[in-house]
Amino acid sequence: MAETGASSSGDDKMPRTERGRRTRRTILDAAAAEFGERGFHEGSISGITRRAGVALGSFYTYFDSKDAVFRALVADMSAQVRDHVAPAIREADGQIAAERAGLLEFIRFVRAHKEIYRIIDEAEFVDPASFRLHYSTTADRIAARLRAAAERGEVSDKVSEIHAWAIMGMNVFLGLRYGVWDEDRSPEDVADAVAVLLARGMVGSSEGAKKED
């Protein structure tokens, strides 16, 4: 989760026509609903095709199995998050603002697609490679942003992969708490609090003054 970008596996057959792409999209959306509600093991291909309103044969035109559509779905949801948050990150003025914008759009996305957490969590056991790719590609993108910001002098030159994984982990659990479990705080409030944390840390002004003495 967080803004992510696992690429599609080779198990599904990518369509070459616009009609085929629309049908595949419909099947993936139906798979998200099926697995989001029932989980991977209880979900079924027949349930997916029923939700999608397509024949069983149409499913097999694009996917070889339930495992294949699940694997493609994990990659697809990763790409959806990435594509949703990327414009806000690009338009932000400065690295702290970019991380705030990314978290803000991620929480908004999660509230509209709560099933993403169940699907990604199940991927750890159904398809560990997709699960790992989902998170490692996200962390890689955050790390690249941090390195670029360090070169611009916006953040410490000591930023590393550790900081990227810490930011991603924070975003994942904030999305769970304020996007899935409850919506009692606005996404803006959550993103603002995190932006302050990233910019200033957790040391209060009085503590900072003591260290300077």
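Every number in this text was worked out from the coordinates using simple rules, so none of it is lab data. Note that this is a predicted model, so its numbers are computed, not measured. FYI the Cβ positions are ideal-geometry reconstructions off the backbone, even for glycines, and counts take in every protein chain you see.
About the Cα centre of the chain, what is the dipole size in debye to 20, counting +1 per Lys and Arg Cβ and -1 per Asp and Glu Cβ, all else neutral?
The calculation lands at about 700 debye.
Hey, for a label at HIS41 modelled as a point 7 Å past Cα toward Cβ, could you say which residues of segment 104-130 have their backbone N under 17 Å away?
Of the residues in segment 104-130, 118-128 have backbone N under 17 Å from the label point off HIS41.
Could you please state, rounded to a whole Å, how far the C-alpha centre of segment 116-141 is from the C-alpha centre of segment 161-179?
14
Full-extension gain between LYS158 and ASP184, please, as 0.36 nm times their residue separation minus the C-alpha to C-alpha distance.
Between LYS158 and ASP184, full extension yields 5.8 nm more.
Taking the structure as given and computing volume of the Cα convex hull per residue in Å³, which label from (1) 110; (2) 138; (3) 126 fits?
(2)
Could you work out how much longer the chain between PHE173 and ALA92 gets when fully extended? Use 0.36 nm per residue separation minus the Cα distance between them, nm to one decimal.
Difference between extended and current length: 26.9 nm.
Go ahead and collect, in residue order, the members of segment 68-101 whose backbone nitrogen is under 14 Å from a label point 7 Å along the Cα-Cβ direction of ALA199.
Answer for segment 68-101: 93-101.
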